[in-house]
Every structure is written in structure tokens, then in C-alpha cells.
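Please read the structure below before turning to the comments.
The values are calculated or read from the model by the stated rules, or taken from the named source; none is laboratory data. This one's a predicted model, so the numbers in the text were calculated from it and none came from an experiment. Virtual Cβ from ideal backbone geometry, glycine too; neighbours counted across all protein chains shown. For the accessible areas, the whole protein counts, side chains as well, though only heavy atoms, and no ligand, DNA or RNA atoms are used. Shrake-Rupley method; radii C 1.70, N 1.55, O 1.52, S 1.80 Å.
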Amino acid sequence: IPLGAALIVGAALASTDPAAIIPSFKKLAFVNPRVKYIAVSESALNDVVGAVLTGVFLSLLASSAVHADSLSSMYAHLFTLHTGFEVFKELLYGCAVGAVGFCILSGWSRIKAKISTGGEADAALFLAVPLFCYIVAVAIGGSGFLAVFISSLLFHLEEHVSHVEHYFNHTIEGFMKPLIFMLLGAVVNIHDLLAVAPLGIAMGLLFMFVVRPLVVFATLSPFMVTKEKMTAKELWFLDR
């Protein structure tokens, strides 16, 4: 595999997270709901960071001044002043566009509260605004994923449009995700998959039982001795 291709694929796959299990959290009862919020936040932030990281590496590889001599040298470029400024600009523009998207959603919500109309147009609006935020953010050099995430994070889904949440949950969880995995399975060559299966399974087990537990405990264990008082059970749950 060419070094540049491995770098891009690694950055794109870095956002793999527990997003698929988030809907099951609604059926689970937590003594302290912060565990659920941490997992949901991890899912959302990983998507943004993975998208930004992929874009940065694509820009670096497209630049004639940067040569992919090794993975370590390419990652070293992430810590240069120029790259840091570009990442900051991408995040800043993404946040700004996301704030504009929030204003659109919030304004629509207030207008509907005053005129007391039905919610027929809500689904179309909640599809159009994220697409608008993504396209505008990318067009001006920002992070489209971050713009969509910020606009939705800031907007509080009020009671008179709560049916839209049910619509999206049913559409995405019941239709879109199964369809994506069916299409993915249909384009995979079984013989090619079997050839790399041993290595893939070994790497999966390594990340599941070694890398992730180490990362979780290294980053969250300090909170066990602060006022947050996280427990070992909570950390083990986040490991899995």
C-alpha cells in the first residue's frame, strides 16, 4: 500500500466510534448519565476530528513542498505553525457556519411558536439546514462536519417539533444504517476479504482489548481523584 494511501485511509478510519450503539442508550438506565453523555460526545467529536485530519493530510500530500517519506514525518507536519493555523481556521469557520445554522433553526422555531402552524415543513428544513451548513463551510475552507454538529448541538428540539426527532431516528436507525451495511457487503470481494481476515481480526482484537482500554484509562483515570469521582466501572464501560 502506498504510504500516502495508508495515511489517508488511517485518518478516515480514525473516527470509528461507538455511534452505532448510541440508540441503545435510550433503553439503559444509568445511575449517573454522564457515562452516556461522554460516549455520545466521543462519537460526535471523533467524526469531526477524523474529517479534519483527513482533509489536512490530503492538503499536505497535494502540496509539492511536502514529501511522504514516513508516517512519523507526515504526522510531524501536523505540529507545524502553518498546519496549526490551517486547522484552527477550518475549525473556526466550521463553528461560525454552525452558529448561523443554529440561528436559522432557532428563528424558524420561534416563528412557528408564534403562528402555531403544523410541522409539515420541519423534516425538509432539518434536512436543508445541515446540507446548507456543510456546503457553505466546505466552500469557505471550514469543516462541514463541525458546522453541522455545532448547529444541531446548539439547537434545542422543542416540543412542537419533537415528532421530527422520531422521524429521523426511525429513518436512520431503521433504514439508512442497514442499507449502508448491505451496500458495503455487496461490494466486498469475499476472496480479498478472506486474504486479509487474519490480520484484520488480529488488529481489531488489539484495538479492542489493548489500545482502547489504555487510551481510556490514560485520559479519564485522572478524573477518579477529582471532584468528578469517576468510578472504575464507568471507565470499564467506556472501554467496551
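Quick notes on this structure:
- Extending 7 Å from Cα along the Cβ direction at residue 182 and again at residue 194 yields two label points whose distance is 2.6 nm.
- For the set 203, 182, solvent exposure ranked by accessible area (probe 1.4 Å, protein chains only) runs largest to smallest as 182, 203.
- Proximal charge balance of residue 56 [Cβ under 10 Å; K/R count +1, D/E count -1]: -2
- Fully extended contour minus Cα-Cα distance, from residue 128 to residue 231, at 0.36 nm per residue: 32.9 nm
- Among the protein heavy atoms, those of residue 108 account for about 80 Å² of accessible surface (1.4 Å probe, every chain in place).
- Given a 1.4 Å probe and the protein chains as shown, residue 45 ends up with an accessible area of around 90 Å².
- Most to least accessible of 170, 77 (protein chains only, probe 1.4 Å): 170, 77
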